[in-house]
1. Which net charge results when you count Lys and Arg as +1 and Asp and Glu as -1 among the other residues whose beta-carbon is under 12 Å from that of residue 330?
2. Here are some pairs, 292/343; 251/343; 41/292; which of them have Cα atoms lying more than 22 Å apart in this structure?
3. Taking amide H positions as placed in the peptide plane 1.01 Å from N, state which residues far from residue 339 in sequence (5 or more) or on other chains have amide H under 5 Å from it.
4. Name the residues whose placed amide hydrogens come within less than 5 Å of the amide hydrogen of residue 100, ignoring near sequence neighbours (fewer than 5 apart) on the same chain.
Amino acid sequence: MAAPKKAMVPNGEAPDPAEVELGFVEPAAPARLLSSQFPSKVGGRPAWLSLQLPDPERLLCAGCARPMVFLLQVYAPRGPAFHRTLLVFCCAAPACPRRRFAAFRSQLGRINDFYPAEPEPESEAVPGPRPGLRLCRVCGASGPKSCSRCRWAHYCGKEHQSLDWRAGHREACGQLGEAAGSLSSPNILFPEFELVMELENSEDQKPENLARVESLSAAESDCVTEDIDEQELEAMARHELREDRIFAKFKRRIALAPDQVLRYCRGGSPLWVSGENIPSETDIPNCSCGAKREFEFQVMPQLLNHLKVDCLDESLDWGTLSVYTCEQSCDHSNLYSAEFLWKQDFSPDQL
Ligand SMILES: [Zn+2]
Ligand SMILES: [Zn+2]
Ligand SMILES: [Zn+2]
Ligand SMILES: [Zn+2]
């Protein structure tokens, strides 16, 4: 991610051209969250689309070199691909100095190497990993390393192997009763939910909270500190005015559906939480195919309430995470292509 920088264009205030779909978390039966059901989901293990998984090295945090954890995925078969899934990973290691977030895209045709052309009914979906697919017992990423004693426990690398060893594999290794597909005990994963999408401004999102939120933000901008000279005060006021406007817009918009954890609007613009650190066009790198990347969805701070972040690490935080993807949805066959994620924090005076 690029260094924090002020925006060239105040796109925080631009109107959103397209319709927005909102994502909400809901508890779901495990069978609904399997790869064969093409789910959108939060937490737990990734429901990989292509089963040719990315190398574990691609999922290491740049700040602490530990494996990142699966955060969420959105099934978004828009564009030329028949199946298309976007996945977001993040580092959840305590006190990571440079916490990394990463986004990946996977696409498959209707005729592909992994799934039948006709969807498999949910009732026939069998939970558990697919035979032949070696997944890390701890995180569900590719597991090329195996326990040298029992040979059936697979891991993405040393870090998760030693976690599992200490969490009980030491005793269970080689014993009957622990099946090869069984899950590991050290729970470093985020709680698992289905991600359900619906259009913004649909019937059940009532703008009842609107007046309350507006009066709230008006009251906030009224407080002014003393002991500052007039010029400085002027400059601060101008800055605060823009900050307040952007944050007020953010609060107004989410008041319509306060539980939203994700906003999807491909080709639209994100709803920024602050006027600071908004990327300019040149901050968004082109795709490896040469095409521009466009905004596709953003993860909202409300999701943090569902992740039990307090017990993981309170320094895992964001205002919003905006994901930008190849506007051509270029084809990488069965490989996962890296997309771009921009993290924006709340400005200090919003906390
Ligand atoms: Zn890290
Ligand atoms: Zn792992
Ligand atoms: Zn073992
Ligand atoms: Zn591309």
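Values in this text are rule-based calculations from the coordinates and carry no lab data. Note that the structure is a prediction, hence the values are computed from the model and not measured. No Cβ is skipped: glycine too gets one built from the backbone with ideal geometry, and neighbour counts run over all protein chains shown.
1. +1
2. The answer is 41/292.
3. Excluding prolines and chain starts, which carry no amide H, the hits are 103, 104, 105.
4. Long-range HN contacts for residue 100: 62, 63, 91.
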